[in-house]
Amino acid sequence: MQIGIDKIGFSTSSLYLDLVELAEARGVDPNKYLIGIGQAKQAVIAPTQDIVTMGASAAAQILTETEKAKITTVIVATESGIDNSKASAIYVKTLLGLDDFVRTIEFKEACYAGTAAIQAAKGLVSANPDEQVLVIAADIARYGLNTPGEVTQGGGAVAMLVKANPRILTIENPSVPITRDVMDFWRPLGATEAIVDGKYSTNVYIEMFLDAFKRYQQLTNDQLTDFTALAFHLPFTKMGKKALEALLGEDHSAIAEQLRAQLTASQQLNREVGNLYTGSLYLSLISLLANGNVKAGDKLGLFSYGSGAEGEFYPVKLQPGFENAFSSQQIEANLANRTKVSVTEYESIFNSQLGMNTADISLNIDADPNQFVLAGIQDQKRIYQIQS
Ligand code: HMG
């Protein structure tokens, strides 16, 4: 049975920060952010948005009512959880209007959890072809004001429908997971910002990518020429370039140049949004499908990485007519319609984002154009609303 991604969509906040303005405010050459880091804009997440509202928006954009009725499982992959016990997928289920006969769970392992959810979804479908799994990879990346990680913040959600006979791509074998116990990035309980050893984290990422890819080649005998493109977890777009160049070295053959060009195509949307942790690889995949030179039958290699650290390299195959099952127009229109905030406004929004232990609060939802909003907290319960 062929199993894979049937639909894919993306949603983020309606606000963004121009990173040239952030560079000026921080006294940094803008080219460090634009070229050295490879980011142009960053999603700024209003207090009325979180993983639930963005995840529900991403799913609502791609699912018809008929498709919603067939969903059997919802998995939200995130490291920006809103409760230590209750799964955010339950709130998403309510906002999407799914019926009660559905399984709802949350997965965590830093940025890698989206891929864990995809592979688990594949397992569910292979055990029962009637399963249709909604996977949502949603996060808000926070490092703190005036930190080196600040320019690599962002946020948003990617929603994917995993089922049998998918229209976009099939998830192929073998997949190569890889885990090493390292402290490159973590967020202790109660902390709202991550602790990160930034340069170390980029080195661990590269090493684990190279080791996973080498093992994949040992298992398959596949060469670079077997792939039309490689797509990467992109905490910032330069990270993908670092990983690809570590693999290619001085290689300037036709396939090496092709992979470099496809990487540029896969970075476009991420440059505008920043890191969305679990969803970053899949936003890059959307960007590749929309902007890359790809066609039905092509094999793509995906590298997922989550600090701590866990990675996975796996192949996927594009399906005939995938371009009709997928559109980036709405995503691009939503990004183009965002409102720019000043650095001062961004700092104030950053400081007003709700943590886990917030007292009762009522939020002003009037300024938020998103369909799903967090209206406040009452008796330690998050109150979500649907706006028309
Ligand atoms: P930094 O201190 O800004 O680094 O931190 P830098 O001073 O080395 O500068 C960065 C690059 O800009 C360098 O290029 C400079 O040469 C260049 P590189 O050597 O890296 O190729 N540069 C310039 N380029 C053009 N014009 C200029 C200029 N000036 C300098 N004028 C760092 C950068 C990424 C470490 C920091 O932002 C950080 O800590 N970010 C957060 C951690 C992170 O994203 N790590 C990535 C790997 S770990 C991962 O992916 C997992 C993660 O997503 C979390 C999870 O799994 O949950 C993070």
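The values are calculated or read from the model by the stated rules, or taken from the named source; none is laboratory data. In this text, all values refer to a predicted model and were calculated from it rather than measured experimentally. FYI the Cβ positions are ideal-geometry reconstructions off the backbone, even for glycines, and counts take in every protein chain you see.
I need the full set of residues from the range 36-77 which are closer than 18 Å to Leu234 by Cα and either without any contact (Cβ under 8 Å) to a residue 60 or more places away in the chain or more than 10 Å from the ligand (Cβ to nearest atom) (or both), in order please. Spell out the reasoning first.
Let us first name the residues in the range 36-77 that are closer than 18 Å to Leu234 by Cα, namely 36-44, 77.
Across the range 36-77, the qualifying residues are Ala40, Lys41, Gln42, Ala43, Val44, Ala77.
So which of Leu283, Leu288 ends up being more than 23 Å from Lys108 (Cα to Cα), in contact (Cβ under 8 Å) with a residue 40 or more places away in the chain, of a type in the set (A, V, I, L, M, F, W, C) and in the same structural domain as Asp184 (by the TED database)?
Leu288
Taking the range 122-155, which residues are more than 16 Å from the ligand (Cβ to nearest atom), among the small types (Gly, Ala, Ser) and part of a strand (DSSP E or B)?
Across the range 122-155, there are no qualifying residues.
Which ones in the range 15-47 are surrounded by fewer than 22 Cβ atoms within 10 Å (Cβ to Cβ) and either closer than 22 Å to Leu289 by Cα or under 17 Å from the mean Cα position of the chain (by Cα) (or both)?
Gly38, Ala40, Lys41
I need a count of the residues in the range 190-206 that are in a loop (DSSP other than H, G, I, E, B) and either in contact (Cβ under 8 Å) with a residue 40 or more places away in the chain or outside the structural domain of Gly306 (by the TED database) (or both).
So the count comes out to 4.
Condition first: assigned to a strand (DSSP E or B), of a type in the set (Val, Ile, Thr), touching a Ser or Thr at 6+ places or on another chain (Cβ under 7 Å) and closer than 25 Å to Leu95 by Cβ. Can you find one or more residues in the range 307-326 that meet it?
Taking every residue of the range 307-326 in turn, none turns out to be assigned to a strand (DSSP E or B), of a type in the set (Val, Ile, Thr), touching a Ser or Thr at 6+ places or on another chain (Cβ under 7 Å) and closer than 25 Å to Leu95 by Cβ.
Given the condition more than 20 Å from the chain's Cα centre (by Cα) and closer than 24 Å to Leu283 by Cβ, answer yes or no: does some residue in the range 74-91 qualify?
no
Can you tell me which residue within the range 303-323, out of those that are within 15 Å of the ligand (Cβ to nearest atom) and among the hydrophobic types (A, V, I, L, M, F, W, C), is surrounded by the fewest Cβ atoms within 10 Å (Cβ to Cβ)?
Ala309
Only residues that are β-branched (Val, Ile, Thr) and near the ligand (Cβ under 9 Å from one of its atoms): list them for the range 187-207, please.
Val196, Thr202, Val204, Ile206
Within the range 264-277, identify whether any single residue is over 21 Å from Tyr143 (Cα atoms), at pLDDT below 95 and either acidic (Asp, Glu) or not assigned by the TED database to the domain that holds Ile82 (or both), and answer yes or no.
Looking through the range 264-277, none of the residues is over 21 Å from Tyr143 (Cα atoms), at pLDDT below 95 and either acidic (Asp, Glu) or not assigned by the TED database to the domain that holds Ile82 (or both).
Mind telling me which of the residues Ile361, Ile386 ends up being under 20 Å from Ser14 (Cα atoms) and of a type in the set (A, V, I, L, M, F, W, C)?
On inspection, the qualifying residue turns out to be Ile386.
Out of Ala159, Ala229, which single residue is out of contact with any Asp or Glu (no Cβ under 9 Å at 6 or more places or on another chain), more than 16 Å from the ligand (Cβ to nearest atom) and either at pLDDT 95 or above or under 21 Å from Tyr314 (Cα atoms) (or both)?
Being out of contact with any Asp or Glu (no Cβ under 9 Å at 6 or more places or on another chain), more than 16 Å from the ligand (Cβ to nearest atom) and either at pLDDT 95 or above or under 21 Å from Tyr314 (Cα atoms) (or both) holds for just one of Ala159, Ala229, which is Ala159.
For the range 103-146, what are the residues that are surrounded by 17 or more Cβ atoms within 10 Å (Cβ to Cβ) and over 27 Å from Glu172 (Cβ atoms)?
Scanning the range 103-146 gives Thr104, Ile140, Ala141, Arg142, Tyr143.
From the residues in the range 223-273 that are in contact (Cβ under 8 Å) with a residue 60 or more places away in the chain and part of a loop (DSSP other than H, G, I, E, B), which one is surrounded by the fewest Cβ atoms within 10 Å (Cβ to Cβ)?
Top of the filtered list is Phe227.
Residues that are closer than 16 Å to Phe303 by Cβ and within 16 Å of the ligand (Cβ to nearest atom): does the range 255-264 have at least one?
yes
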